[in-house]
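Throughout, read-outs are computed from the coordinates displayed, never taken from laboratory work. Computed from a predicted model, the values in this text were never measured in an experiment. Because the Cβ atoms are built from the backbone with ideal geometry, glycine has one as well, and the counts that use them run over all protein chains shown.
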Amino acid sequence: MSGSPTSGLRAVKLRAPSALFDRPAPPRGVLTSQQGFLRALGGLCVVLLAVLPFIDASRYTMSIATSALIYVMLCMGLNVVVGYAGLLDLGYIAFFAVGAYVSGILTTVVGLPMWAALPATIVCCIVAGIIIGAPTLRLRSDYLAIVTLGFGEIIRITANNLQITGGPSGIHGIPTWSFGGWSFADGLTIGGLEFPQRVLFYYFVAAIVVLVGVIGAGRLAKGKMGRAWKAVRDDEDAAEAMGINTYFAKISAYIIGAVWAGVAGQLMATHLSAISPNSFQFLYSALILMAVVLGGMGSTPGVIIGALFVSLAPELLRDFSEWRFLIFGVLLIVVMLFRPSGLWPATAILPWLKKQRPALPPTAGFATPVPVDEPGGEADARGEEGVSR
């Protein structure tokens, strides 16, 4: 024999069988697909953000809108940690404080412009995420929550006792964004329309939140890293058994969440022009976590709705004076009772899409099967022919 049968089989090129039918293209319409509807809804929200200053550009409205967008940025970062990776973090406000204090120190003490302090803020948040996350992410569930809560308080108490952070008084006189000889404080006139500082900063925050926060976190969740996060969230032991480096997946989610919070902290420091340790208490960590759970963990539109609800509801109820926080708490309890998975959970399907039935594949080229026990069928004919013989 010239060769073994296995050597002959190795020389044969394997070819995948051809498809029996062409798979139909997925629907992309606004009302026929979930993704198309969400894209249209996102485009509408961007249009509303751009139109709002032309409707009401008062200082109060712009201030509330800017704070709400910063909350959206914060909640998107925490959604990566809690919603995607399943890490219960009760000290998330610590990274918010790191971003605010680093940018405040670099702009007031060192004298850097705000845009030059942004890379340093990101680097410091990455280092803080590694320092806090490296020893704590080996823990799980309640133990992780308690340790992260402790780290959040450590950051606040440290800022309260250091001289460079201003101690209990904090840092005041934080400048706005400036580029060369022009800053947001000077305003801008385009086509005869005057845009004051509050409107320009509002546009700036809107662009950061929509482009970086929402789109960036959404794209990360759909990639390889996002699938690893969700596998760790569902079952860490099973994910590790399937070859996923669970520790790297958790710490990467923690670092990305820290960067999102640090950028939001820098924006808040610029917006308020003053920061103090009282602005970074545990209550704010709980409020941000409440927004993520309320909207729907792991859901981008749900987290945005939750952040807007938590940030805007107390302001909308301001007419009720001292009763507004009680009404706010009652509203939260009602939502939790009737929507335990969140206002817009990650597994939500649009109501009109539930009624659509999946399209059946084309049957052209397939032979119609004939039941064996059917009289006159092929098997019956063969049986009669055998008996007659």
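The slack between ARG23 and ALA50, meaning 0.36 nm per residue of separation minus the straight C-alpha distance, is 5.7 nm. Checking (i) 24.6; (ii) 21.0; (iii) 22.1 against Kirkwood radius over Cα pairs in Å calculated from these atoms, the matching label is (i).
Charge dipole (Cα centre; +1 on Lys/Arg Cβ, -1 on Asp/Glu Cβ; no other charges) of the range 127-225 amounts to roughly 520 debye.
Which of the peptides 227-234, 239-246 is most tightly packed, and how do the rest follow, judged by the mean count of other Cβ atoms within 10 Å per residue?
On the way: 227-234: 19.8, 239-246: 14.1.
Final packing ranking: 227-234, 239-246.
Relative protection proxy for 210-217, 316-323, from highest mean packing down: 210-217, 316-323 (other beta-carbon atoms within 10 angstrom).
Relative to the longest principal axis of the Cα atoms of the chain, helix 324-338 runs at roughly 10 degrees. Summary of packing: across the peptides 22-28, 297-303, 74-80, the per-residue average of other C-beta atoms within 10 Å ranks them, highest first, as 74-80, 297-303, 22-28. Does anyone have the angle between helix 59-78 and the longest principal axis of the chain? Alpha-carbon axes, 0 to 90°, nearest 10? With rounding to tens, the tilt is 50 degrees.
Whole-Hz Karplus values for the range 173-178 come out as x, 6, x, 7, 5, 9 Hz, taken residue by residue from phi with 6.51 cos²θ - 1.76 cosθ + 1.60 and θ = phi - 60°; glycine and proline positions read x. For the set LYS13/LYS230; LYS222/LYS354; LYS230/LYS354, the pairs lying more than 29 angstrom apart at their alpha carbons are LYS13/LYS230.
Seen against the Cα atoms of the chain and their longest principal axis, helix 141-161 is set at about 20 degrees.
First select every other residue whose beta carbon is under 12 angstrom from the beta carbon of ILE215; then total the charges, Lys and Arg +1, Asp and Glu -1. Write out the running numbers ahead of the final one.
Details: positive: ARG39, ARG219, LYS222; negative: none.
For residues surrounding ILE215, the net value is +3.
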